[in-house]
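Chemist: Take a look at this one; I'll ask things after.
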Amino acid sequence: MTPAMQPVRYSIVPKNPAAHLFEVSLTVAEPDLAGQRFMLPVWIPGSYMIREFARNIVTLQAFNAAGRKVAVEKIDKHAWQAAPVEGPITLRYEVYAWDMSVRAAHLDDTVGFFNATSVFLAVEGPSASSCIVDIEPPQGGAYRNWRVATALSEARRTKRYGFGAYEAANYDELADHPVTLGEFALGSFTAHGVKHDIVISGHVVNLDMNRLTTDLKRVCEAQIALFEPRTKKAPMDRYVFMTVAVSDGYGGLEHRASTALICNRTDLPVQGRPEMTEGYRTYLGLCSHEYFHTWNVKRIKPAAFAPYDLSQENYTTLLWLFEGFTSYYDDLMLVRCGLIGAGDYFNMLGKTIGGVLRGSGRLKQSVAQSSFDAWVKYYRADENAANAIVSYYQKGSLVALAFDLSIRAQTENRKSLDDVMRFLWQRYGRDFYKGKPRGILEEDVEALFNEATGADLHALFRDGVRGTRDLPLDALFEPFGIALAPDLPTSGTAGKPSLGVCVRGGADCTLAVVNEGSAVQKAGLSAGDVLIAIDGLRVTGANLDNLLLRYLPGAKIEVHSFRRDELRRTELKLDAPEASRYLLTAIDGRGTSKQWRERWLKG
């Protein structure tokens, strides 16, 4: 019998919150006799960009069991090798943590947060070693009320939310469990027998935690029931929503039993105010999105992610399925669990449609190509992104909508995209962490959809996934009694003219995006230029729309602008109005249309 490998032991302490420094130690009981190698990941799953976390390691030393220094050499941008040593070896290093996002690590005197991929070096070699992490409190009376929030399993004698030892079966599991430190509001609810905790860090006044737990319970139970309609069994024993509330921020990152979120504090529900604000709806949609990933991408995975290689890019053409479909279901689940109505959902869907159709990049890049190029294009989007790329999130969600409506229409509502998701869950996701991980091969996806539904979806795969044609949404909505029309800004009978740009507001009117073929581009203006006057009147980010209301489409105007420090003058002809969103309207149709529409929205 092969002896069990000794666990890798980590400890982490907020050594100097004011300087944003974590101190980390790592001990390997039985290091490689040829010299142990260590590696810090270059990316974090769910955020497809090389982020070079190793740049934040400030100092690093190695020691043997007797406390004597061991030579350690950096061998590339994210890896180190220690000299051969007999017996245990310990690394001690400092990590600079000043990234207020969900992807890396942050530390100050109010809150600490880290992902393992940012702070814990992985031990190269056998990957089955378990990990024990000692999370230690910062020193000083100012931190006496700090606690620990994570979905990691507590080791013996460690109390939940307490500092102490936590366990992971291997580094992959450790990397999938972020940790929040500090003072935080805590709420709990049970969804189909599984405890869910909500942790809110940051300065929030009059938080209505009761409403938040009640609403998220409905979202979670609806999603559990979607994947397991018979057993209502969730794929985890416990789940943690971790949110940092700030003055201006938005984002989320999924993990197998938790999610890390960041939001505007004004988006959170307030005691005594029961209305559904746009900000709170946005926050619930974010929670819904990341929770849906518990199934779709954390367990149902592309083959390229089974397992992850955290040392380099992991290419797949399937992010439209994992991010796009999740973006489709996040808001749809809010309707299905009764938190928003059909009208609100149609408004949100109309904004997505408008956003996709405004960008000419959709005609140049397919969602499959966008998925593959995420590493160098989507996550590094610049001012020309709308003209060059398409979002596998936004258009991917419309592809999911198209599949759902097409399947329902072809099968007279006997099958739907829900059946596809359940089919993929049963075949790939349900036992992902119980046996040999298996992911979806790119060449198998179309056949899997056909097997799950019996519908002919070849044209949608050809044109909507692999191609760049616009989706036939009008025709797809028709059997469900829904009319689709552009929502054009009006000014008299001709409509408000357009410059074909997006601007940054404020005292200056800076062009952030210049749409391909727009009036502004034809006149030679570019992103980064600052408009200063139209026909002799000063332009700001706040008054541009009101100035344009004075003109009709086709009118010629004189524009003064700055490019860097150079004053420019040009004339341009205003474009016809453009739709930033579309209107979805329920109409009377054939007898089944209302039933089909309700079946789609209610699940």
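The values are calculated or read from the model by the stated rules, or taken from the named source; none is laboratory data. Everything quoted here is computed from the prediction, not taken from an experiment. Cβ sites come from the backbone with ideal geometry, for glycine too, and all protein chains shown count toward neighbours.
Chemist: Are any of the residues in the stretch 251-258 out of contact with any Cys (no Cβ under 6 Å at 6 or more places or on another chain) and part of a helix (DSSP H, G or I)?
Modeler: Step one: list which residues in the stretch 251-258 are out of contact with any Cys (no Cβ under 6 Å at 6 or more places or on another chain), which gives 251-258.
Then keep just the ones that are part of a helix (DSSP H, G or I); that gives none.
The answer is no, given that none of the residues of the stretch 251-258 is out of contact with any Cys (no Cβ under 6 Å at 6 or more places or on another chain) and part of a helix (DSSP H, G or I).
Chemist: Filter the stretch 500-538 for residues that are charged (D, E, K, R) and in a loop (DSSP other than H, G, I, E, B); which is farthest from residue 548 (Cα to Cα)?
Modeler: Of everything passing the filter in the stretch 500-538, 516 is farthest from residue 548 (Cα to Cα).
Chemist: In the stretch 23-59, how many are within 29 Å of the chain's Cα centre (by Cα) and either among the charged types (D, E, K, R) or closer than 19 Å to residue 253 by Cβ (or both)?
Modeler: Qualifying residue count for the region: 17.
Chemist: Tell me which helices (runs of 4 or more DSSP H) are completely within the stretch 356-451 and hold 3 or more residues being within 20 Å of residue 299 (Cβ to Cβ), or say none if there are none. Reasoning before the result, please.
Modeler: Values: elements: 367-372, 385-388, 394-410, 417-424.
Because the criterion is at least 3 residues that are within 20 Å of residue 299 (Cβ to Cβ), the helices (runs of 4 or more DSSP H) in the stretch 356-451 that meet it are 417-424.
Chemist: Condition first: touching a residue at least 60 places away in the same chain (Cβ under 8 Å), out of contact with any helix residue (DSSP H, G or I) (no Cβ under 6 Å at 6 or more places or on another chain) and among the β-branched types (Val, Ile, Thr). Now tell me which residues in the stretch 28-77 satisfy that.
Modeler: The answer is 28, 42, 50.
Chemist: Being of a type in the set (Gly, Ala, Ser) and surrounded by 13 or more Cβ atoms within 10 Å (Cβ to Cβ) is the filter here, so list the residues in the stretch 39-69 that pass it.
Modeler: 46, 47, 54, 62, 65
Chemist: Right, here's the next one. Tally the residues that are β-branched (Val, Ile, Thr) and under 14 Å from residue 423 (Cα atoms), restricting the search to the stretch 215-230. Don't jump to the end; show me each part of the working.
Modeler: Taking the stretch 215-230 as the starting set, the residues that turn out to be β-branched (Val, Ile, Thr) are 219, 224.
Subsequent filtering for residues that are under 14 Å from residue 423 (Cα atoms) retains none.
The total comes to 0.
Chemist: Could you grab me the full set of residues in the stretch 502-520 that are loosely packed, with under 14 Cβ neighbours inside 10 Å and farther than 17 Å from residue 385 by Cα?
Modeler: Within the stretch 502-520, 505, 506, 507 meet the criteria.
Chemist: Is it the case that residue 595 is at pLDDT 95 or above and in a helix (DSSP H, G or I)?
Modeler: Working: at pLDDT 95 or above: no; in a helix (DSSP H, G or I): yes.
Criteria not met by residue 595.
Chemist: As an exercise: evaluate residue 475 against (1) touching a residue at least 40 places away in the same chain (Cβ under 8 Å); (2) over 29 Å from the mean Cα position of the chain (by Cα) and give the number of the one condition it does not meet.
Modeler: (1)
Chemist: Does the stretch 204-219 contain at least one residue that is assigned to a strand (DSSP E or B), in contact with a strand residue (DSSP E or B) (Cβ under 9 Å, 6 or more places away or on another chain), in contact (Cβ under 8 Å) with a residue 24 or more places away in the chain and under 24 Å from residue 113 (Cβ atoms)?
Modeler: The answer is yes, given that some residue of the stretch 204-219 is assigned to a strand (DSSP E or B), in contact with a strand residue (DSSP E or B) (Cβ under 9 Å, 6 or more places away or on another chain), in contact (Cβ under 8 Å) with a residue 24 or more places away in the chain and under 24 Å from residue 113 (Cβ atoms).
Chemist: Right, next: Please work out which one of (1) outside any loop (DSSP other than H, G, I, E, B); (2) of a type outside the set (D, E, K, R); (3) out of contact with any strand residue (DSSP E or B) (no Cβ under 7 Å at 6 or more places or on another chain) is the condition residue 27 fails and give its number.
Modeler: Single failed check for residue 27: (3).
Conditions tested, residue by residue: (1) closer than 14 Å to residue 22 by Cβ; (2) surrounded by fewer than 23 Cβ atoms within 10 Å (Cβ to Cβ); (3) in contact with a Lys or Arg (Cβ under 9 Å, 6 or more places away or on another chain).
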residue	(1), (2), (3)
117	yes, no, yes
138	yes, yes, yes
142	no, yes, no
150	no, no, no
154	no, yes, yes
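Chemist: Can I ask one more? Tell me the residue from 434, 415 that is touching a residue at least 12 places away in the same chain (Cβ under 8 Å) and out of contact with any Phe, Trp or Tyr (no Cβ under 9 Å at 6 or more places or on another chain), please. Please lay out each step first, then the result.
Modeler: Working: 434 fails: touching a residue at least 12 places away in the same chain (Cβ under 8 Å).
Among 434, 415, only 415 is touching a residue at least 12 places away in the same chain (Cβ under 8 Å) and out of contact with any Phe, Trp or Tyr (no Cβ under 9 Å at 6 or more places or on another chain).
Chemist: Here is a follow-up. Here are some residues: 415, 434. Which one is closer than 24 Å to residue 331 by Cα, surrounded by fewer than 19 Cβ atoms within 10 Å (Cβ to Cβ) and over 21 Å from the mean Cα position of the chain (by Cα)?
Modeler: Just a single option satisfies the conditions, and that option is 415.
Chemist: A further question on this structure: Kindly list, by first and then second residue, each pair from a residue in the stretch 153-170 that is without any contact (Cβ under 8 Å) to a residue 24 or more places away in the chain and under 17 Å from residue 11 (Cβ atoms) to a residue that is among the aliphatic types (A, V, I, L, M) and in a strand (DSSP E or B), limited to pairs with Cβ atoms under 6 Å and residues at least 6 apart or on different chains.
Modeler: Qualifying pairs under 6 Å: 155/165; 158/165.
Chemist: Shifting gears a bit: Give the number of residues within the stretch 60-84 that are within 37 Å of the chain's Cα centre (by Cα) and of a type outside the set (Asp, Glu).
Modeler: Of the residues in the stretch 60-84, 12 are within 37 Å of the chain's Cα centre (by Cα) and of a type outside the set (Asp, Glu).
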